[in-house]
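Report on the structure given below.
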Amino acid sequence: MKKIIIAICVIGMMLLSSGISISATNKYSSYDTMSSAFNECPVNITVHEAWAFLTDTGNGIQIPIDVRRESEWNTGYIDTPWPESPTWYIKDLFQNATWLQWFLDTYAGEEIVLYCAGGYRSYLVSLILCDAGFSGTVYNMLGGIGDWKAQGYPIRNNSQPAAPEISGPLTVNVKDPIDYTFSTSDAENDGVYYWIDWCGEGHCGEWLGPYSSEEEMTFNHTWEQTGTYIIKAKVKDFYDNESDWTEYEITVPRTKTFESTFLEWFFARFPNTFSIIKYILGL
Ligand SMILES: [Ca+2]
Ligand SMILES: [Ca+2]
């Protein structure tokens with residue numbers, strides 16, 4: 001009898017063990033059908049659906065987010081046009097509570113498309129976001145960039161935008177607001193940001209944008225003092241790839257010539273001179 005009880009226990013433990021194993025395997029391999037279990041968060045989509053989302057702003061703006069390692073990102077990423085170009089945040093960041101809160105705030109209400117190499121890491125990140133109550137829509141791209149490539153969708157590496165061209169007057173009046181035009185080009189037509197340093201020291205200014213890389217931008221500045229100044233400008237694209245600096249020298253001369261300054265001094269020093277001149281000339 002004792003042997004029978006032991007045998008039943010052993011068989012029971014084997015069945016239990018088998019059940020756990022099957023359950024775990026099913027959970028892992030069937031993640032693409034789990035969206036309903038999370039009240040449509042995440043929403044799993046194919047690479048074809050992702051392509052349709054990310055190449056048409058008419059169906060809303062979806063932001064693709066690459067969660068792979070930096071070395072993987074540097075080998076190329078999905079090629080979709082700005083403003084639906086990918087942003088890169090490594091998966092591990094989402095496991096940091098402070099950073100996660102920043103992400104939830106920054107992307108609140110947005111539609112994001114997560115992807116990785118094969119779809120598993122993006123799935124894990126999507127669960128973190130769903131569990132944290134992300135207020136937008138989380139799409140998880142099944143098959144990752146591997147399937148994206150296999151289906152013939154484009155991949156690319158990034159190149160920096162061209163150093164900006166600056167045009168505008170070379171000589172300006174003090175205290176007058178003056179317009180200057182800035183333009184650049186980017187091989188991938190990425191959105192761009194301008195840094196314009198009106199004091200010419202490299203640390204005045206801030207990033208302005210984003211703007212279309214094909215758009216000429218006009219900014220104005222007022223110089224409060226006479227002198228010679230260097231305008232320094234650079235551009236970065238949507239992926240933080242920065243151009244070289246461009247420098248543009250302008251002059252703000254003294255607004256009054258020596259002659260006019262001398263006459264002002266003279267008539268101030270001899271206030272009756274003008275009347276005397278008029279008398280002599282019979283005016
Ligand atoms: Ca879209
Ligand atoms: Ca670029």
**Prompt:** What is the residue count in segment 199-245 for residues that are more than 16 Å from ligand 2 (Cβ to nearest atom) and either under 22 Å from Thr87 (Cα atoms) or assigned by TED's automatic domain parsing to the domain that holds Tyr89 (or both)?
**Reply:** 2
**Complete:** Selection from segment 54-73 of residues touching a residue at least 12 places away in the same chain (Cβ under 8 Å) and assigned to a loop (DSSP other than H, G, I, E, B) yields Thr55, Gly60, Ile61, Val67, Arg68, Arg69
**Asked** How many of the residues making up segment 38-68 are of a type in the set (Phe, Trp, Tyr) and out of contact with any Cys (no Cβ under 9 Å at 6 or more places or on another chain)?
**Response** 2
**Prompt:** Does segment 180-190 contain at least one residue that is surrounded by fewer than 13 Cβ atoms within 10 Å (Cβ to Cβ), in contact (Cβ under 8 Å) with a residue 60 or more places away in the chain and in the same structural domain as Tyr239 (by TED's automatic domain parsing)?
**Reply:** no
**Fill in**
Gly152 fails exactly one of (1) in a loop (DSSP other than H, G, I, E, B); (2) surrounded by 13 or more Cβ atoms within 10 Å (Cβ to Cβ); (3) away from ligand 1 (no atom under 16 Å from the Cβ); (4) modelled with pLDDT of 95 or more, namely (2)
**Asked** Do you know which of the residues in segment 168-202 that are assigned to a strand (DSSP E or B) and over 24 Å from Asn241 (Cβ atoms) is nearest to ligand 1 (Cβ to nearest atom)?
**Response** Asp179
**Prompt:** Does segment 60-78 hold any residues that are within 19 Å of Leu142 (Cβ to Cβ) and either more than 13 Å from the chain's Cα centre (by Cα) or within 13 Å of ligand 1 (Cβ to nearest atom) (or both), and which are they?
**Reply:** Gln62, Ile63, Pro64, Asp66, Val67, Arg68, Glu72, Tyr77, Ile78
**Prompt:** With respect to Val138, is the statement that it is in contact (Cβ under 8 Å) with a residue 12 or more places away in the chain, touching a Ser or Thr at 6+ places or on another chain (Cβ under 7 Å) and either within 16 Å of ligand 1 (Cβ to nearest atom) or among the acidic types (Asp, Glu) (or both) true?
**Reply:** yes
**Message:** Can you report the number of residues in segment 191-214 which are in contact (Cβ under 8 Å) with a residue 40 or more places away in the chain and charged (D, E, K, R)?
**Reply:** 0
**Request:** Quickly run through segment 215-243 and pick out the residues that are among the aromatic types (Phe, Trp, Tyr) and free of Cβ contacts under 8 Å to residues at least 60 places away in the same chain.
**Result:** Phe219, Trp223, Tyr229
**Fill in**
Residues in segment 41-79 that are within 16 Å of ligand 2 (Cβ to nearest atom) and either in contact with a Pro (Cβ under 6 Å, 6 or more places away or on another chain) or of a type in the set (Asp, Glu) (or both) total 5
**Complete:** Those residues of segment 197-209 that are surrounded by 15 or more Cβ atoms within 10 Å (Cβ to Cβ) and either on the phi > 0 side of the Ramachandran plot or of a type outside the set (D, E, K, R) (or both) come to a total of 4
**Fill in**
Restricting attention to segment 210-220, the residues that are surrounded by 16 or more Cβ atoms within 10 Å (Cβ to Cβ) and at pLDDT 95 or above number exactly 3
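The values are calculated or read from the model by the stated rules, or taken from the named source; none is laboratory data. In this text, all values refer to a predicted model and were calculated from it rather than measured experimentally. Positions of Cβ are generated from backbone atoms using ideal geometry, with glycine treated the same way; all protein chains shown enter the neighbour counts.
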